[in-house]
Every structure is written in structure tokens, then in C-alpha cells.
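**Student:** Okay, here's the structure, questions in a sec.
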Amino acid sequence: MLPALPAVTDETVTAWALAAAGGDSEAVDRFVRALQRDVLRYVAYLADDTQAADDLAQDTFLRALTALHRFEGRSSARVWLLSIARRAVADNIRGAARRPRTDTTADWEDAVERARPAGLPGFDDGVALMHLVEALPRDRREAFLLTQVYGLPYADAAQVARCPVGTIRSRVARARLNLAEMMADEPDTTPRYAPAVA
């Protein structure tokens, strides 16, 4: 896995994609590195399978690099690539539905606890938030992730999700309401201290 580059603009990434389509191998490397993290996170949340995320991201980039010669820059390269990622996940889900899955881990909860990083600032809050996001219906979760996590404009998110812009706005609004309701339902475990009386 390549190290991530600092955040770059959609225009820059699109220029790299167009240069890569013209045969510039350095532009291919920059294009992949710039969008690798976004694709990996997107496919992990869409597929609900973090273990398959690396394979799905790799499949996305294989599809994209194979089709790069047809990329004309009518949309941003990020939107184009996330659309490919969405199709890769859909194909994977359809394929998985056709074959049985087995699990060899006897105690999966223990395995998850042992694999979890500890002591990271804000880690537990991030896990709690992502747990709530994962509980959203798939269409709302996708709209929320595209616009609120990845920062895509609503029009670009609508293009990735293949639905009208108004639908994306509605899904994001409903996702926010759902998250607020779920957070309100969570028990507050923050310790409360009464001031000392002298």
C-alpha cells in the first residue's frame, strides 16, 4: 500500500488522471496515491466488510486503470473513481450472495477486541460515531459519507450514488436526524462531580 499524499484539489487529481490516460506513469502513481484512502474508506463502509476493503479498493483501481484511456474529464476524477468503486462493491455483494460464507474464528468478539488499537486520542469517540453511522440505512449512510466525510458536493455525490441531487440532500438530512436521535438515546456515562461543600 502506498503512503497517502496530502489532500489535493479535485482539479489536480483530474489533471493527473487525464495525464495518466495519456501515458504519464508518474501521473498514474499520483492519481492512485491521492485517492487511495478515499476509495478504501468508501468501499469499507459500502460493503460492511472491512476485511474485503483492500480487495475491493484494489479491484476499483484495476478497473479504473483499465478504463483510464476512456476518461475524458467530464466529471472530476474523484467522482469517476468513486462511481467505479460503487460498482465494484455492488458486484462483490452480488457475488457473495451466490456463495456461502464460513467463519473459522471461534470467538470473533475476542478477536476484534485484541485487534483494536488502544490509547489513541479520540479513538473511542470515533469508533462510537462510526458505529452509529454504520447503523444508518445503506442509502442514508452512503449519502452521509460522500458529503460529510469525503466532502463531495451534493451534485457529485448524486452522480456517484446515481440519484437526483434532491434525494442526496434528503438522505443526508435524514441521516443527521437519525444520528442525533441515536446519540440522544445513548446513555451518558460521563462521571458527574458535585462541588465540595466546605
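Here, each number is a calculation from the coordinates, and none is a lab measurement. Small disclaimer: the values here were computed from a predicted structure and weren't measured.
**Student:** Counting only Cα, what are the radius of gyration and maximum Cα-Cα distance Dmax of region 122-186, in Å?
**Tutor:** 12.0, 35
**Student:** If you stretched the chain out fully between residue 66 and residue 33, how much longer would it get, using 0.36 nm times the residue separation minus the C-alpha to C-alpha distance?
**Tutor:** Details: separation 33, 0.36 × 33 = 11.88 nm, distance 1.67 nm.
Full extension of this stretch gives 10.2 nm more.
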